[in-house]
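Bear in mind these aren't lab numbers, they're just calculated from the coordinates by the rules spelled out. Bear in mind that the values here come from a model prediction, so they are computed numbers and not experimental data. Don't worry about glycine lacking a Cβ; one is built from the backbone with ideal geometry, like all the others, and counts go over all protein chains shown.
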Amino acid sequence: MIKRSISNLNLFKLSDEGSNKIYFGGNQEWYHTEWQRRSGCGPTAASNIIFYLNCISHRIDLGKNLNVKKNWIMFMESVWKYVTPTDRGIPSAEMFCDKVLKYAKSNNVDVKCYVCDVPQDKDKRPQILEIIKFLENALSNDSPVAFLNLCNGKENCLDSWHWVTIISLECSDIKDRIFVDILDGGSIKKIDLLLWYNTTKQGGGFVYFMNNNVLDRH
């Protein structure tokens with residue numbers, strides 16, 4: 001059994017001061033405008049990842065400020081300025097990567113982007129073992145993974161045309177059971193990744209980032 005996860009899930013834990021409700025990571029429904037709420041899954045996933053990498057690198061101590069919902073909303077709005085959806089959202093891993101790198105550059109953060117595309121054409125898709133290795137590398141280096149799902153197939157716990165944040169991987173030795181935990185809508189969900197891979201009609205992609213000032217732990 002292969003198990004990989006980020007080192008500190010509780011960094012994502014935040015509360016709503018008004019209701020005392022607990023969330024894990026951001027929720028696109030918190031954005032201020034209707035358009036942002038409809039198209040904001042990519043910026044929300046980017047906010048999750050940027051926040052976490054800042055915390056573990058100790059470059060910016062965001063943890064003390066982002067443990068309440070109202071401050072998370074302000075942070076998400078700042079990320080939106082760079083990770084801005086088009087009229088089709090952010091429909092590719094490459095576009096997501098480019099937009100996050102622009103945010104990083106504007107904040108003088110030196111990061112490298114890693115992309116694993118899953119094309120619509122099944123003959124051009126990477127093998128599931130390649131995807132598992134990609135996720136292992138990311139999570140072993142304590143980097144959450146942005147996951148673009150353009151078609152959820154038979155995995156009903158995913159929304160189509162949607163970005164989420166992968167925080168853990170669990171895979172059987174013979175690779176017949178592959179699950180990931182994701183952050184989506186301020187909560188943690190478990191996804192059957194193999195079911196998605198075998199049934200998605202449009203594919204999607206995976207993206208993670210490494211701070212170039214942090215040693216690669218591969």
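How many nm separate the modelled label positions at ASN67 and LYS112, each set 7 Å beyond the Cα in the direction of the Cβ?
With each label point 7 Å from Cα toward Cβ, the separation is 3.4 nm.
Of the candidates VAL180, VAL109, VAL118, which one comes out as most mobile in a Gaussian network treatment of the chain with C-alpha springs shorter than 10 Å?
Maximum fluctuation in the GNM of the chain, among the listed residues, is at VAL109.
Here are labelled values, (1) 0.95; (2) 1.03; (3) 1.13, and one is the computed Cα Rg over 2.2 N^0.38 Å for what I pasted. Which one?
Checked against the structure: label (1).
Of the listed pairs LYS21/LYS112; LYS3/LYS69; LYS124/LYS175, which have alpha-carbon separations greater than 26 Å here? Numbers along the way, then the final one.
Details: LYS21/LYS112 35 Å; LYS3/LYS69 30 Å; LYS124/LYS175 20 Å.
Beyond 26 Å between Cα atoms: LYS21/LYS112; LYS3/LYS69.
Scanning the chain for helices, which whole DSSP H stretches are 15 Å or more long along the axis (Cα) and average 0.0 or more by Kyte-Doolittle? Don't skip to the end; give the middle numbers.
Working: long enough: 41-57 (24 Å, 0.95); 69-80 (16 Å, -0.17); 93-106 (20 Å, -0.14); 128-140 (18 Å, 1.10).
Counting only whole DSSP H runs, the qualifying helices are 41-57, 128-140.
Most fluctuating residue of SER19, SER106, SER92 in a GNM of the chain with Cα springs under 10 Å: which is it?
Result for the chain, Cα springs under 10 Å: SER19 fluctuates most.
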